[in-house]
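Colleague: Quick one: this structure, given as structure tokens, is what I'll be asking you about.
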Amino acid sequence: MAVLERVLSLRGKHAALDAELATELQRPMPNQTICSKLKREKLRIKDQLLKLQEVGAPYEGSDAVH
């Protein structure tokens, strides 16, 4: 998989997790176990994106294509 495709895939997953977390937090009594799991997964994906950024892949706000 090309680096740009990987970045776009990770961004999509991060956004989906963010939406899922927001939905859970809107519940009258959010399940803290689910919230913690979603937050950990978001951080894992963010770490992967940052590692890709370190090697020169585009990240947030960058329209550059390598």
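The values are calculated or read from the model by the stated rules, or taken from the named source; none is laboratory data. Computed from a prediction, not measured in an experiment: that's the story for all the values here. Every residue, glycine among them, receives a Cβ derived from its backbone with ideal geometry; neighbour counts consider all protein chains shown.
Colleague: I'd like to verify a number: residues in segment 1-31 that are farther than 23 Å from Gln53 by Cβ and over 14 Å from the mean Cα position of the chain (by Cα), how many?
Modeller: Summing the residues that are farther than 23 Å from Gln53 by Cβ and over 14 Å from the mean Cα position of the chain (by Cα) in segment 1-31 gives 9.
Colleague: I would also like to ask the following. Test Ile34 against the stated conditions and say whether it is β-branched (Val, Ile, Thr), at pLDDT 95 or above and under 13 Å from the mean Cα position of the chain (by Cα).
Modeller: The answer is no for Ile34.
Colleague: Which of (1) among the β-branched types (Val, Ile, Thr); (2) surrounded by 11 or more Cβ atoms within 10 Å (Cβ to Cβ); (3) at pLDDT 95 or above does Val3 not meet, given it meets every other one?
Modeller: If we test Val3 against (1) among the β-branched types (Val, Ile, Thr); (2) surrounded by 11 or more Cβ atoms within 10 Å (Cβ to Cβ); (3) at pLDDT 95 or above, just (3) comes out false.
Colleague: Could you list, in sequence order, all residues of segment 32-54 that are of a type in the set (Val, Ile, Thr) and more than 22 Å from Ala2 (Cα to Cα)?
Modeller: Thr33, Ile34
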